[in-house]
Amino acid sequence: MLSEAVKQEFYNALISKSSEYEGVFYVGVKTTGVFCRPTCSARKPKYENCEFFQTAEQALIASFRPCLRCRPLSHPNHVSELVRTLVEAIEKNPEKRWKTRDFEKISVDASTARRQFKKRFGMTFVQYARARRMGIAMKQIREGKAVIETQLDTGYESSSGFRDAFSKIMGTAPTKFGKHQIVLKSSWLDTPLGPMLAIADEKALYLLEFVERRGLEKEIERLRTKEKAIIIPGCTDPIVSVESELKAYFAGKLKIFKTPLHLIGSPFQKCVWNELTKIPYGQTKSYADQAAAIGKPSAYRAVANANGANQIAIIIPCHRIINTNGNLGGYGGGITRKQWLLNHEKQTM
Ligand SMILES: [Zn+2]
């Protein structure tokens with residue numbers, strides 16, 4: 001979402017190690033897979049190998065790991081012993097799902113940990129651990145098909161790193177494929193609004209979400225359990241289709257998507273989603289309008305919940321629903337993206 005001018009500005013700050021930009025941005029270095037603070041003393045990357053982030057969480061989810069030299073997750077001056085212990089504990093075992101009793105094991109009080117972490121990094125320890133875990137899973141998807149198919153050929157036993165990190169989020173290790181298990185493939189799609197995750201089989205698209213979406217990990221889990229599926233990195237026809245449709249959409253040249261969808265939800269949710277697809281490009285409706293349209297005028301809260309459970313961002317345009325008073329209302333991918341999408345559609349109607 002950063003403009004070219006802002007990226008240039010950040011790059012200049014990076015080259016001059018400007019301390020004024022501490023906390024303003026982080027830089028992910030594509031060639032090494034690490035992310036740094038602007039003042040890092042390591043050799044500076046070329047511009048084309050940089051990816052800029054405004055928060056450490058974004059860098060983690062985009063699969064970068066914290067640089068060991070500038071320690072972007074520790075405050076340069078004073079980081080408490082507690083925070084340091086926690087960051088180190090995560091880095092020792094980044095795939096772990098942290099629970100309250102784990103804090104006890106390392107003699108840390110969970111609520112103190114939560115508070116101190118939030119104060120230091122603007123996210124809780126659990127959010128941090130989650131971002132790191134998602135980043136690891138996303139790395140496999142981002143690196144794409146070739147890597148994974150090589151691993152399939154050689155067998156997963158030889159690449160336990162893949163199995164451990166990836167299967168925690170995407171499903172049971174591929175060596176344990178059940179006969180009737182559905183295999184879905186997932187791809188990383190870069191868009192002007194940041195990366196998206198697409199999950200599909202050979203016939204239809206099951207999920208399309210911004211990688212940063214709150215609750216994405218849970219959403220993937222639900223998808224896996226409901227469909228009894230496992231998810232591996234790769235590409236299918238619906239993914240190829242949605243990628244090219246998104247490109248056209250972001251260029252303002254496509255108003256109706258044709259990629260086939262596979263919707264997972266209750267009959268009520270499906271009814272709400274179907275109604276969403278009737279809102280034309282560039283227009284908005286309120287939750288109340290939408291509830292009335294499906295013949296349940298008093299159910300606008302349930303309608304809002306169903307919108308929130310939408311798993312196919314942009315194509316099922318839940319961003320076109322706003323509050324009756326004209327306020328934007330919520331959006332899983334973040335309000336800034338919602339605003340951007342609405343502006344974009346108005347300008348290209
Ligand atoms: Zn660094």
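The values are calculated or read from the model by the stated rules, or taken from the named source; none is laboratory data. A quick note: this is a predicted structure, and the numbers were derived from the prediction, not measured. Cβ: placed from backbone, ideal geometry, glycine included. Neighbour counts: every protein chain shown.
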- Message: Criterion first (farther than 27 Å from ILE220 by Cα, among the β-branched types (Val, Ile, Thr) and surrounded by 14 or more Cβ atoms within 10 Å (Cβ to Cβ)) does VAL126 satisfy it?
- Response: no
- Query: Among the residues of segment 1-41, which ones are surrounded by 13 or more Cβ atoms within 10 Å (Cβ to Cβ), among the aliphatic types (A, V, I, L, M) and farther than 23 Å from LYS139 by Cα?
  - Reply: VAL6, ALA13, LEU14, VAL24
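Looking only at residues that are among the polar types (S, T, N, Q) and in a helix (DSSP H, G or I) in segment 225-261, which one is farthest from LEU189 (Cα to Cα)?
For segment 225-261, the residue satisfying everything is THR225.
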- Note on the structure: Scanning segment 57-72 residue by residue, those surrounded by 24 or more Cβ atoms within 10 Å (Cβ to Cβ) and within 11 Å of the ligand (Cβ to nearest atom) turn out to be PHE64, PRO72
- Task: Scan segment 181-199 and give yes if some residue there is of a type in the set (Gly, Ala, Ser), over 26 Å from LEU341 (Cβ atoms), modelled with pLDDT under 90 and surrounded by 15 or more Cβ atoms within 10 Å (Cβ to Cβ), otherwise no.
- Result: no
- Applying the selection to segment 20-38, what residues are among the hydroxyl-bearing types (Ser, Thr, Tyr) and either touching a strand residue (DSSP E or B) at 6+ places or on another chain (Cβ under 6 Å) or under 19 Å from GLY122 (Cβ atoms) (or both)? TYR21, TYR26
- Query: How many residues does segment 262-276 contain that are assigned to a helix (DSSP H, G or I) and surrounded by fewer than 18 Cβ atoms within 10 Å (Cβ to Cβ)?
  - Reply: 5
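Would you pick out the residues in segment 88-119 that are touching a residue at least 24 places away in the same chain (Cβ under 8 Å), assigned to a helix (DSSP H, G or I), hydrophobic (A, V, I, L, M, F, W, C) and under 14 Å from ARG130 (Cα atoms)?
Residues of segment 88-119 touching a residue at least 24 places away in the same chain (Cβ under 8 Å): 90-91, 94-98, 108, 112-113, 116-117.
Pick out the ones that are also assigned to a helix (DSSP H, G or I) and you get 90-91, 112-113, 116-117.
When the remaining residues are screened for being hydrophobic (A, V, I, L, M, F, W, C), the result is 90, 113, 117.
Passing the criteria: ILE90, PHE117.
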- Message: Of everything in segment 3-36, what is away from the ligand (no atom under 15 Å from the Cβ), within 19 Å of PRO192 (Cα to Cα) and among the aliphatic types (A, V, I, L, M)? Give them in sequence order.
- Response: ALA5, VAL6
- Message: Taking the condition of being surrounded by fewer than 21 Cβ atoms within 10 Å (Cβ to Cβ) and in contact (Cβ under 8 Å) with a residue 60 or more places away in the chain, how many residues in segment 42-56 meet it?
- Response: 1
